[in-house]
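A short write-up of the structure that comes next.
The values are calculated or read from the model by the stated rules, or taken from the named source; none is laboratory data. Quick caveat, the model's predicted, so the values are computed rather than measured. Ideal geometry is used to build each Cβ from the backbone, glycine not excepted, and the neighbour counts take in all protein chains shown. Heavy atoms of the whole protein, side chains included, go into the accessibility calculation; ligands, DNA and RNA do not. Shrake-Rupley method; radii C 1.70, N 1.55, O 1.52, S 1.80 Å.
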Amino acid sequence: PELARSNNKSNAGVAVKNVKSSERVPWDALRFVEQSSKFISRPKIPFLEKKPEPIPVLPGDVIWKAGGSSSNNNGNQFLFAPLDDVVMGGASSSEFDNETGIWGGTVTAANSGGFVGIRSTPFSVAPLDMSQCTGLVISLRSRGDGQEEKRLKAVLRDSTDFNGVCWTSCFDYRSKGSEW
């Protein structure tokens with residue numbers, strides 16, 4: 001999911017700093033390297049490495065849950081990590097805790113930025129085969145007060161390419177400490 005700054009929406013779990021987009025702050029090159037390096041896996045050598053068989057996902061299967069580290073047998077096949085506008089020179093920042101599933105941070109328009117996001121890291125075992133599924137359910141819980149409308153954008157890809165073809169959907173909601 002990615003949260004973008006907008007004039008009439010606040011963002012889930014993320015504070016919005018109202019600053020002029022012309023404001024300049026020092027770019028954080030170290031944070032850029034830390035964030036972007038989490039989404040790169042080492043190149044595969046086709047004739048030396050067998051391509052792993054995709055893991056079948058059946059309707060009703062849970063593919064990620066808070067606390068399901070990728071190191072245990074019943075755990076997640078992937079983790080989430082932030083990918084914020086620092087990768088484009090912006091100054092927004094966020095953090096995601098895979099143990100608790102809590103995502104928070106700050107969106108700012110400084111340096112002409114204005115988004116924070118989380119993205120799955122490269123799969124630890126093999127890609128998922130979701131061909132038996134007809135949809136996807138995303139369950140969220142918010143700590144919001146219900147007074148502000150929030151917007152999320154979800155992007156799904158059908159390949160392991162860093163920027164392959166994707167399907168996108170945005171949705172707005174009012175949080176009141178409930179689940180969706």
| said: Cβ neighbours within 10 Å, averaged per peptide: list 126-135, 111-120, 97-106 in order, most packed at the top. | reply: 111-120, 97-106, 126-135
| query | From the square roots a ≥ b ≥ c of the eigenvalues of the alpha-carbon gyration tensor of the range 26-122, which class results: rounded (a/c under 1.5), prolate (a/b over b/c), or oblate? | reply | oblate
| Sorted by accessible area with a 1.4 angstrom probe, largest first, how do V137, V33, V155 fall? | V137, V33, V155
| field | Accessible-area composition of the range 57-127, carbon plus sulfur, in percent [1.4 Å probe] | value | 52 percent
